[in-house]
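Heads up: the structure comes next, in C-alpha cells.
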Amino acid sequence: MENIQDHTKELEGKVALVTGGTKGIGKAIADRLAIAGAKVIVTARNHPGQTESDHHFIAADLSGPEGVAKVAEEIAELFGGVDILINNMGANTFPGGGFSTLTDEHWNQALQINLLSSVRLDRALLPQMLAQKSGVIIHISSTSGMLPIWESTMAYSSAKAALNAYSKTLSGEVANQGVRVITVSPGLNKTQAMATFLEELSQNAGITVEEMTQNLMARLGGVPLGRMAEPEETAELVYFLVSPKASYITGANYIIDGGNLPVV
Ligand SMILES: NC(=O)c1ccc[n+]([C@@H]2O[C@H](COP(=O)([O-])OP(=O)(O)OC[C@H]3O[C@@H](n4cnc5c(N)ncnc54)[C@H](OP(=O)(O)O)[C@@H]3O)[C@@H](O)[C@H]2O)c1
C-alpha cells in the first residue's frame, strides 16, 4: 500500500486506545489513527522497543482481569478516558487437530483472550464515553468466526463468534447514548502471528510455508483477490469506521477478506 497522506486530521483532539498495538494489524491501526491526528495509546505485554511513533505505551497482559484493570487505571489517571477503543488483541495459539486436542484450559484461554479481554475493557472504559455521550468501540474479530476450520481454529473460531454476538448486543444497548460499536472481521493478514501459524502448520504437514499458504487459502474456499491483506489495508477500514464520516454506522460486522467468504 502506498504511503498514506492525510492532511484532514479528522481525529485531532481524540484519544484512542489500541490493544495489541505494537505489532501486526494493531500497529497498523495505531499508526493510521495517529496520522489522522489522534493521541494514541497502545498496549502489549512487551515494549516494542525504539519506534518512530510517539504512541503512549502501557505494558499489560490482557488475558486476565488484572491487566485490564492496570490499563484502565493508567488511562483514567493520565487521559481521563478514551474517545476511541480498538479491541484488537486476540490470538489463535491453541493446538490444531480438532476436539480431542483441546483441553478446558485451552478453551478457557481462547475465551479470555478473544472475548473476555474486550468485555472487561469495554466495561471499564464505556462509562466515561456514556458520560460524554460520544465514543466508538471496534471489536477486531475474524472471518474465522463465520468460517471455522475444525483442524486449526475450533476454539478460536468459537470465541470470535461469541465476540461477534457480544459486539452486536452491546451496540444495541448504547446506540441511543452516543456510542457506536462495530465489529471488523479480517481475513488472512500478513502479520507475524500469521507467519508463525503457517510455519507451525507447514511443519506438522511436512510441506513448505508457501505450499501451506496456498493450502490454507484453498481450504477456506479460495481468496478471489489471490493474496493476503497488508495490515495497513485493514487499518484503513478501521480508520474510516471510527471517523466522523461513519456517523450512521453501528452494530454492523465489516468483512475485509479479499472476497473469501462465500456468502451474500
Ligand atoms: N493476522 C491475521 O491474519 C488475522 C486474521 C483475522 C483476524 N485477526 C485478528 O486481528 C487481531 C490482531 O492479530 P495480529 O495477527 O495482528 O496479531 P499479532 O501480529 O500477533 O499482534 C498481536 C498483538 O497483541 C499483543 N498481545 C498478544 N497477546 C497478548 C496478551 N495476552 N495480552 C496483551 N497483549 C497481547 C502482542 O504484543 P505482545 O506479544 O508483546 O503482548 C501484539 O501487540 C487479533 O484479534 C486477531 O485474532 C488476525
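Computed from the coordinates by the stated procedures, all read-outs in this text should not be read as laboratory data. These numbers were taken from a predicted model, which means no experiment stands behind them. Backbone-built Cβ (ideal geometry, glycine too); neighbour counts: all protein chains shown.
Key figures for this structure:
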item: Within the chain: Cβ-based charge dipole about Cα centre, in debye rounded to nearest 20 (Lys, Arg +1; Asp, Glu -1); result: 600 debye
item: Mean projected area (nm²) of the alpha-carbon convex hull when the chain is viewed from all directions; result: 14.1 nm²
item: Whole-Hz ³J(HN,Hα) from phi, Karplus 6.51 cos²θ - 1.76 cosθ + 1.60, for the stretch 120-131, glycine and proline x; result: 5, 5, 4, 4, 6, 9, 5, x, 6, 5, 5, 5
item: Charge dipole magnitude, Cβ of K and R +1, D and E -1 - the stretch 1-82, Cα centre, debye nearest 20; result: 140 debye
item: Reachable aspartates and glutamates, given that their alpha-carbon falls under 20 Å from the alpha-carbon of Lys70 and they are not under 8 places away in the same chain; result: Asp61, Asp83, Asp122
item: Loop trypsin sites (Lys or Arg not before Pro), the stretch 216-250 (other Cβ atoms within 10 Å of the site Cβ: 15 or fewer; DSSP); result: Arg227
item: Separation between Cα centres of the stretch 142-184 and the stretch 35-106, rounded to whole Å; result: 17 Å
item: Total charge dipole magnitude, the stretch 198-241, about the Cα centre, Cβ charges on Lys, Arg, Asp, Glu only, Debye to nearest 20; result: 240 debye
item: Reachable lysines, given that their alpha-carbon falls under 16 Å from the alpha-carbon of Lys27 and they are not under 8 places away in the same chain; result: Lys39, Lys190
item: Cβ-based exposure ranking for Glu233, Glu210, in which fewest neighbours within 10 Å come first; result: Glu210, Glu233
item: Label-zone membership for the stretch 136-153, site Thr101, 7 angstrom Cα→C-beta point, backbone N under 17 Å; result: 148-153
item: Where GluC sites (Glu not before Pro) fall in DSSP loop in the stretch 1-98, at most 11 other Cβ within 10 Å; result: Glu2, Glu12, Glu52
item: Full-stretch length increase - Val209, Arg123 - with 0.36 nm per residue and alpha-carbon distance subtracted; result: 26.9 nm
item: Loop-resident sites, the stretch 7-79, for trypsin sites (Lys or Arg not before Pro), counting at most 12 other Cβ within 10 Å (DSSP); result: Lys9
item: Candidate lysines for bridging to Lys133, where Cα separation is under 16 Å - those fewer than 8 sequence places away on the same chain excluded; result: Lys14
item: Normalised convex hull volume, the stretch 196-264, alpha-carbon set, Å³ per residue; result: 117 Å³
item: Kirkwood-type radius of the stretch 1-139, with distances r between different C-alpha atoms, in Å; result: 15.9 Å
item: J(HN,Hα) series, the stretch 139-153, from Karplus relation 6.51 cos²θ - 1.76 cosθ + 1.60, nearest Hz, glycine and proline x; result: 10, 7, 9, 6, 4, 4, x, 10, 10, x, 10, 4, 5, 9, 9
item: Computed [θ] at 222 nm, deg cm²/dmol, the chain (DSSP H ≥ 4; -39,500 (n - 2.57); rounded to nearest 500); result: -13000 deg cm²/dmol
item: Within a Gaussian network of the chain (alpha carbon springs, distance under 10 Å), most fluctuating of Gln214, Gln203, Gln132; result: Gln203
item: Relative contact order, percent, the stretch 1-116 [alpha-carbon distance under 8 Å, six or more residues apart]; result: 26 percent
item: Residues with amide H under 5 Å from that of His56, placed H, sequence gap 5 or more; result: Val40, Ile41, Val42
item: Rounded to whole Hz, the Karplus (6.51, -1.76, 1.60) HN-Hα couplings of the stretch 159-167, x for glycine and proline; result: 5, 5, 5, 5, 4, 4, 5, 4, 4
item: Cβ-based charge dipole, the stretch 27-181, positive-most Cα from Ala165, Asn88, His106; result: Ala165
item: Modelled FRET efficiency - R0 22 Å, Ile149 with Glu230, Cβ distances, 0.05 increments; result: 0.45
item: Average Cα contact separation per residue, the chain, under 8 Å, 6 or more apart, as relative contact order %; result: 20 percent
item: Placed amide H near Ile255: partners under 5 Å, 5+ positions off or other chain; result: Ser185
